[in-house]
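See below for the structure under consideration.
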Amino acid sequence: MKPAWPVLPLGSVVELQRGFDLPSNKRSQGSVPVVGSAGVTGQHDEAAVKGPGVTLGRAGAIGVATYVPCNFWPLNTTLFVTDFLGNDRKFVYYLLHNMDFSAYNSGGVQPMLNRNYIRDIPVSLPSYSEQQAIAEVLGALDDKIAINERIADTALALAEAMYIRDSATKDGWHETALADTADWKSGGTPNTSEPTYWGGDIPWISAASLKSPWLDNSERRVTPLGATKGTRLVPAGTIVFVVRGMSLASEFRVGLTQREVAFGQDCKALVPRPGVDSVVLLLALRSRTTEILGLVDTAGHGTGRLSTDRIEKLRVRLPNGEAGAAFIETVRSLTQQASAMQRENRTLANLRSTLLPQLVTGKIHVKDAVGVVEDVAS
């Protein structure tokens with residue numbers, strides 16, 4: 001039987017300190033990560049702490065652990081590790097990431113984490129060599145996820161650049177109103193208090209969940225019954241974009257469905273008409289993000305609103321004939337690669353979520369996890 005790890009108070013594993021105030025209007029352009037309670041929130045030209053380092057959400061998103069591989073500036077909404085007390089930095093990150101600090105909320109309206117209240121939390125601590133081994137296994141998954149993200153971003157950026165370049169030519173392209181490219185659909189929300197409508201297998205896309213160009217998953221899912229009760233189903237190859245929400249103040253969220261999905265009333269869906277390629281239409285919209293954001297007005301409480309009668313007049317350029325077919329084949333190959341990376345990352349993230357609590361608590365041996373990780377991260 002594997003010997004038990006010694007149990008120590010958290011304060012004997014790491015020393016924590018509150019971060020430093022840095023208002024947005026005091027930040028200067030630079031490459032130093034500014035870390036808030038939920039992670040990196042921006043950049044600055046000066047670091048307050050030498051990295052690599054680890055932060056922990058102190059105010060707002062309490063208990064969210066962030067690993068920072070370089071020098072950084074931790075905001076006063078975080079606690080940051082000032083001394084790892086001889087422990088592996090990456091292991092400490094995974095250890096804190098696995099801990100549930102919700103019971104130590106000392107705030108009122110705003111959640112708050114007091115370092116003095118958490119220093120006595122008991123944690124099991126392996127030897128330094130085993131810490132390194134655990135961090136290496138989990139780090140391999142994180143590295144693979146990061147590589148896939150870069151590949152996906154590069155593939156999509158290349159497809160967008162090709163669209164902007166080729167659509168600027170007159171030959172082989174034509175211009176049309178966005179209104180004439182697709183059938184426009186509005187969504188809705190099934191009754192959230194009816195349990196038979198929720199918890200199914202059909203992703204329900206909302207303004208909050210539309211964060212990727214490739215729409216095949218969502219935290220909230222509806223049942224087949226729920227999909228008939230106040231929302232709408234659209235097939236794979238449909239463009240979905242946000243028309244109402246706080247995000248419209250700074251970003252235009254638009255994605256392409258990879259499977260049948262339902263969607264909410266804060267989004268609009270475009271089902272491309274015959275002869276209109278869905279990927280090209282996605283690229284056309286993404287290339288006009290600045291112009292589209294200029295069409296947004298403000299509703300109550302600063303909520304952005306993108307009215308249909310404004311955006312449907314947007315002029316987009318689409319390819320024709322054989323040259324158009326060749327262009328479509330090329331950009332489709334790139335976007336398929338990007339969406340495949342997203343699907344693989346979901347599998348990797350699920351594996352990481354399964355292994356992390358087992359490894360950092362000693363419930364499974366590192367050697368038992370190595371083979372599984374090598375198979376998927378190679």
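The values are calculated or read from the model by the stated rules, or taken from the named source; none is laboratory data. Computed from a prediction, not measured in an experiment: that's the story for all the values here. Cβ coordinates were reconstructed from backbone atoms using ideal geometry, including for glycine residues, and neighbour counts include every protein chain displayed. For accessibility, only protein heavy atoms count, side chains too; no ligands or nucleic acids. Shrake-Rupley method; radii C 1.70, N 1.55, O 1.52, S 1.80 Å.
Filtering region 362-378 down to residues that are within 27 Å of the chain's Cα centre (by Cα) and under 30 Å from LEU125 (Cβ atoms), which residue is modelled with the lowest pLDDT? Full working, then the answer.
Initially, region 362-378 is screened for residues within 27 Å of the chain's Cα centre (by Cα), giving 369-370, 372-378.
Still in the list and also under 30 Å from LEU125 (Cβ atoms): 369-370, 372-377.
On the way: ALA369: 88, VAL370: 86, VAL372: 77, VAL373: 80, GLU374: 76, ASP375: 72, VAL376: 71, ALA377: 63.
For region 362-378, the residue satisfying everything is ALA377.
Which residues, taken from region 94-129, are assigned to a helix (DSSP H, G or I), open to solvent by less than 50 Å² (accessible area, probe 1.4 Å) and in contact with a helix residue (DSSP H, G or I) (Cβ under 7 Å, 6 or more places away or on another chain)? Outline the logic, then answer.
Narrowing region 94-129 to residues assigned to a helix (DSSP H, G or I): 94-98, 102-104, 115-118, 128-129.
Within this subset, residues satisfying the condition of being open to solvent by less than 50 Å² (accessible area, probe 1.4 Å) are 94-96, 118.
Residues satisfying the conditions are TYR94, LEU95, ILE118.
Assess whether ASN320 counts as being over 16 Å from GLY255 (Cα atoms) and loosely packed, with under 13 Cβ neighbours inside 10 Å. Reasoning before the result, please.
On the way: over 16 Å from GLY255 (Cα atoms): yes; loosely packed, with under 13 Cβ neighbours inside 10 Å: no.
For ASN320, the condition - over 16 Å from GLY255 (Cα atoms) and loosely packed, with under 13 Cβ neighbours inside 10 Å - is not met.
If VAL81 meets every condition in (1) open to solvent by 30 Å² or more (accessible area, probe 1.4 Å); (2) among the β-branched types (Val, Ile, Thr); (3) touching a Gly at 6+ places or on another chain (Cβ under 9 Å) apart from one, which number is that one?
Only one criterion in (1) open to solvent by 30 Å² or more (accessible area, probe 1.4 Å); (2) among the β-branched types (Val, Ile, Thr); (3) touching a Gly at 6+ places or on another chain (Cβ under 9 Å) is unmet by VAL81, namely (1).
Quick check: anything in region 7-16 within 24 Å of GLN110 (Cβ to Cβ), open to solvent by 40 Å² or more (accessible area, probe 1.4 Å) and outside any strand (DSSP E or B)?
Scanning region 7-16, I find no residue that is within 24 Å of GLN110 (Cβ to Cβ), open to solvent by 40 Å² or more (accessible area, probe 1.4 Å) and outside any strand (DSSP E or B), so the answer is no.
Quick grid of which residues meet (1) of a type in the set (Gly, Ala, Ser); (2) surrounded by 16 or more Cβ atoms within 10 Å (Cβ to Cβ); (3) at negative phi; (4) part of a helix (DSSP H, G or I):
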{"position": "SER28", "(1), (2), (3), (4)": "yes, no, yes, no"}
{"position": "PRO33", "(1), (2), (3), (4)": "no, yes, yes, no"}
{"position": "GLN43", "(1), (2), (3), (4)": "no, no, yes, no"}
{"position": "VAL92", "(1), (2), (3), (4)": "no, yes, yes, yes"}
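Residue check, ASN350 against (1) loosely packed, with under 14 Cβ neighbours inside 10 Å; (2) polar (S, T, N, Q); (3) more than 22 Å from ASP153 (Cα to Cα), all met but one. Which one?
(3)
Take the conditions in contact (Cβ under 8 Å) with a residue 24 or more places away in the chain, open to solvent by 10 Å² or more (accessible area, probe 1.4 Å) and under 14 Å from SER212 (Cα atoms) and apply them to ARG273. Does it pass?
Details: in contact (Cβ under 8 Å) with a residue 24 or more places away in the chain: yes; open to solvent by 10 Å² or more (accessible area, probe 1.4 Å): yes; under 14 Å from SER212 (Cα atoms): no.
Considered against the rule, which asks whether it is in contact (Cβ under 8 Å) with a residue 24 or more places away in the chain, open to solvent by 10 Å² or more (accessible area, probe 1.4 Å) and under 14 Å from SER212 (Cα atoms), ARG273 comes out as no.
Got a sec? Which of GLY226, GLY255 is among the small types (Gly, Ala, Ser), open to solvent by less than 80 Å² (accessible area, probe 1.4 Å) and touching a residue at least 40 places away in the same chain (Cβ under 8 Å)? I'd like the intermediate steps shown before the answer.
Details: GLY226 fails: touching a residue at least 40 places away in the same chain (Cβ under 8 Å).
One residue alone meets the criteria, GLY255.
Out of all the residues in region 130-143, which are open to solvent by less than 20 Å² (accessible area, probe 1.4 Å) and over 20 Å from GLY51 (Cα atoms)? Walk me through it before giving the result.
Residues of region 130-143 open to solvent by less than 20 Å² (accessible area, probe 1.4 Å): 131, 134-135, 137-139, 141.
Those that are open to solvent by less than 20 Å² (accessible area, probe 1.4 Å) and over 20 Å from GLY51 (Cα atoms): ILE134, VAL137, LEU141.
Taking the condition free of Cβ contacts under 8 Å to residues at least 60 places away in the same chain, polar (S, T, N, Q) and either loosely packed, with under 14 Cβ neighbours inside 10 Å or touching a Leu at 6+ places or on another chain (Cβ under 6 Å) (or both), does THR303 pass? Steps first, please.
Numbers: free of Cβ contacts under 8 Å to residues at least 60 places away in the same chain: yes; polar (S, T, N, Q): yes; either loosely packed, with under 14 Cβ neighbours inside 10 Å or touching a Leu at 6+ places or on another chain (Cβ under 6 Å) (or both): no.
For THR303, the condition - free of Cβ contacts under 8 Å to residues at least 60 places away in the same chain, polar (S, T, N, Q) and either loosely packed, with under 14 Cβ neighbours inside 10 Å or touching a Leu at 6+ places or on another chain (Cβ under 6 Å) (or both) - is not met.
Of ASP216, ASP201, which residue is acidic (Asp, Glu) and in contact with a Pro (Cβ under 8 Å, 6 or more places away or on another chain)? If you could, list the steps in order and put the result at the bottom.
Details: ASP201 fails: in contact with a Pro (Cβ under 8 Å, 6 or more places away or on another chain).
Within the list ASP216, ASP201, the selection yields ASP216.
Looking at region 238-353, what helices (runs of 4 or more DSSP H) fall wholly within it and have at least 2 residues that are modelled with pLDDT of 95 or more, within 25 Å of the chain's Cα centre (by Cα) and farther than 30 Å from TYR94 by Cα?
So the answer is 278-286, 289-293.
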